[in-house]
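Remarks on the structure that follows.
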């Protein structure tokens, strides 16, 4: 997550508010579509997982896309990365609340075939999301120092990316959608690494010229 200068238009907190509202509308409309509460909760959990995934991908790839495909759109994406990241955090907060509701209201269904160990990756992911959200405000750079802040956010985004991969991979036998999502996440990681290599190559080329 980075710190753009908010201005007029669809950016900054306006963008965050609209994306958060969209997440709530998707979740609410999905729940209203079902007559059975258990089905409504399951569907809303799946929907918010998908909105979280899309928002995370945009945040995760913003800097890489600017490096590999520099244009107005990718620059705007990078400019709004902070608010995309906060929107992802909000979406996953809604996702987590829905999971807790499901676990409390239908414990026999929720825990069927599930162990406490299986919840560890998700818990670690939520811990990093919390840390990244708390430190997504300019004052935290001054408190942590830029190097520590950058290390935290870099580590956090990679951990979350790995958890998405693991989550999708485990569920591939359940539905073809998870294979598609897993492939997209792996492709995003490859793209991220390619951008890093491109930056290193450019730096090496500059050193060679000097």
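Without any contact (Cβ under 8 Å) to a residue 40 or more places away in the chain, closer than 24 Å to residue 31 by Cβ and in contact with a helix residue (DSSP H, G or I) (Cβ under 6 Å, 6 or more places away or on another chain), is that true of residue 156? No; evaluated as a whole, the condition is false for this residue. On inspection, residue 132 does not qualify as out of contact with any helix residue (DSSP H, G or I) (no Cβ under 7 Å at 6 or more places or on another chain), closer than 26 Å to residue 10 by Cα and either surrounded by 18 or more Cβ atoms within 10 Å (Cβ to Cβ) or modelled with pLDDT under 90 (or both).
Test residue 164 against the criterion of being touching a residue at least 40 places away in the same chain (Cβ under 8 Å), surrounded by 13 or more Cβ atoms within 10 Å (Cβ to Cβ), more than 17 Å from residue 66 (Cα to Cα) and in contact with a helix residue (DSSP H, G or I) (Cβ under 6 Å, 6 or more places away or on another chain), and give yes or no. So residue 164 passes the test.
The values are calculated or read from the model by the stated rules, or taken from the named source; none is laboratory data. None of these values were measured; they are calculated from a predicted model. In this analysis, Cβ positions are derived from the backbone assuming ideal geometry, glycine residues included, and neighbour counts consider all displayed protein chains.
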